[in-house]
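Chemist: After the structure tokens below, expect a handful of questions from me.
The values are calculated or read from the model by the stated rules, or taken from the named source; none is laboratory data. Note that the structure is predicted; figures quoted are calculated from it, not measured. Cβ placement follows ideal geometry from the backbone for every residue including glycine, while neighbour counts extend to all protein chains displayed. Accessible surface areas use protein heavy atoms only, side chains included; no ligands, DNA or RNA. Shrake-Rupley method; radii C 1.70, N 1.55, O 1.52, S 1.80 Å.
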Amino acid sequence: SKFQQVILIPRNVFLLDGIGALVSSLFLVVLLAPFESFFGMPSDYVYQLAIPAFVFAVYSIACYVFNPNNWQPFMKLIALANFIYCCVTFYLILKLFYRLTQFGVLYFILEIAVIFMVIALEINTIRKQV
């Protein structure tokens, strides 16, 4: 389909990843940190998640802007970084489950699900181009 042709362009995948990571970091800082009692995640942990999310955003947007010819290693790295981020987030859900509200658990599970979709897209993009 036309959508698959557009979305599997590596440069577009970096842009999508970058925008997603930027939105994630903003949500963490603007929505979750100030409303610790609503979500249950301690704000210091929220900020510790927001920092790598912002770094990932800068990285992916830089890959979009500079559009390297040998883009595969860059995409493999961000896919791996996203996976590690999900593992850390899941660990925090388990560690702090007693503190998290239903909204907190839902937020982080949805975030992980969305990131896993992005990782799948990145892996498919790498495989399609080889």
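Chemist: When Lys and Arg each count +1 and Asp and Glu each count -1, what net charge do the other residues less than 12 Å away from Q72, Cβ to Cβ, add up to?
Modeler: Values: positive: K76, R127, K128; negative: E122.
For residues surrounding Q72, the net value is +2.
Chemist: Then there's this: Using only the Cα atoms of the stretch 62-130, build the gyration tensor, take square roots of its eigenvalues as a ≥ b ≥ c, and label the shape rounded, prolate or oblate: rounded if a/c is under 1.5, else prolate if a/b is larger than b/c, else oblate. Working shown, then result.
Modeler: Details: a/c = 3.13, a/b = 2.82, b/c = 1.11.
Prolate is the answer for the stretch 62-130, as a/c is 1.5 or above and a/b outweighs b/c.
Chemist: Please list, in order along the stretch 29-37, the HN-Hα scalar couplings obtained from phi with the Karplus expression 6.51 cos²θ - 1.76 cosθ + 1.60 (θ = phi - 60°), rounded to whole Hz, x for Gly and Pro.
Modeler: Those phi angles translate into 6, 8, 9, 7, 4, x, 10, 4, 5 Hz.
Chemist: Compute the length gained on full extension between N12 and Q72: take 0.36 nm times their separation in residues and subtract their Cα-Cα distance, giving the result in nm to one decimal.
Modeler: Working: separation 60, 0.36 × 60 = 21.60 nm, distance 1.34 nm.
Gain on extension, N12 to Q72, equals 20.3 nm.
Chemist: Measure nothing but the geometry: give the 0 to 90° angle between the long axis through the Cα atoms of 10-27 and the longest principal axis through the Cα atoms of the chain, rounded to 10°.
Modeler: 10 degrees
Chemist: Among Q72, L92, Q129, which residue has its Cα positioned farthest towards the positive end of the charge dipole of the chain, with +1 placed on the Cβ of Lys and Arg, -1 on the Cβ of Asp and Glu, and the dipole taken about the Cα centre?
Modeler: Q129
Chemist: Leaving ligands, DNA and RNA out of it, report the carbon-plus-sulfur percent of the accessible area of the chain at a 1.4 Å probe.
Modeler: Values: 5600 of 7680 Å².
The C+S portion of the solvent-accessible surface of the chain is 73 percent.
Chemist: With a 1.4 Å probe and every protein chain left in place, work out the accessible area per residue of the chain in Å², rounded to a whole number. Present the calculation step by step, with values, prior to reporting the outcome.
Modeler: Details: 7680 Å² over 130 residues.
Each residue of the chain exposes 59 Å² on average to a 1.4 Å probe.
Chemist: If you compute Kirkwood radius over Cα pairs in Å for the structure shown, which of (1) 15.9; (2) 14.8; (3) 15.2 do you land on?
Modeler: (3)
Chemist: Give me a comma-separated list of calculated 3J(HN,Hα) values for the stretch 82-92, in order, Karplus coefficients 6.51, -1.76, 1.60 applied at θ = phi - 60°, integers in Hz, x for any Gly or Pro.
Modeler: 4, 5, 4, 4, 5, 4, 5, 4, 5, 4, 5
Chemist: Right, another one. At 0.36 nm per residue, and after removing the present C-alpha to C-alpha distance, how many nm does the segment from I19 to F83 gain when stretched out fully?
Modeler: Working: separation 64, 0.36 × 64 = 23.04 nm, distance 1.70 nm.
So the extension gain works out to 21.3 nm.
Chemist: Also, quick follow-up: What ranking do 28-37, 50-59 get when scored by the average of other Cβ atoms within 10 Å per residue, highest first? Kindly include the intermediate steps, with their values, before the conclusion.
Modeler: On the way: 28-37: 16.1, 50-59: 17.8.
Packing proxy ranking, top to bottom: 50-59, 28-37.
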